[in-house]
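Chemist: One structure, pasted below without further comment.
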Amino acid sequence: MLKMLPALAALAAASALLVPTVSKAQDTRSTRVSYGDLDLASSAGQDVLQKRIAYGAMIVCDGGFYDATEMPLTLACRSEAIAGAEPAFKAAVAAATLHPSVTVGVGAALIVSRP
């Protein structure tokens, strides 16, 4: 049970850093994934951001139902949402790696959207 506490704490922290949004122009749900608190020049910071992106994909793709027949569609949606965030992830990591002395603002974020 004690081994689960760090995982639950990480999930709670990730939840706090994700802000769901709904686009009225299109029927696309998206969420803002913050990374201003991370050092993206480090592999640990990159791993945390990838986990946040995956959690964001879960938020925008899961409809709140747990129907086994919908699971393949949900998993495909998550994969596409993560792939859609990949260019922004790579750009943020490249910027942090090329300019490690530059501090990223607290509001730095990328968007994960349902395809």
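Just so it is clear, none of the values below were taken in a lab; they were calculated from the coordinates. Remember, it's a predicted structure, so these values are computed and weren't measured experimentally. Cβ coordinates were reconstructed from backbone atoms using ideal geometry, including for glycine residues, and neighbour counts include every protein chain displayed.
Chemist: Would you mind checking which residues have amide H under 5 Å from Ile111's amide H? H placed 1.01 Å from N; only 5 or more apart, or other chain.
Modeler: Residues meeting the criterion, in which the H sits 1.01 Å from N, are Val33.
Chemist: Roughly how many nanometres apart are two label points built 7 Å out from the Cα toward the Cβ at Glu86 and Lys51?
Modeler: That separation, rounded to one decimal, is 2.2 nm.
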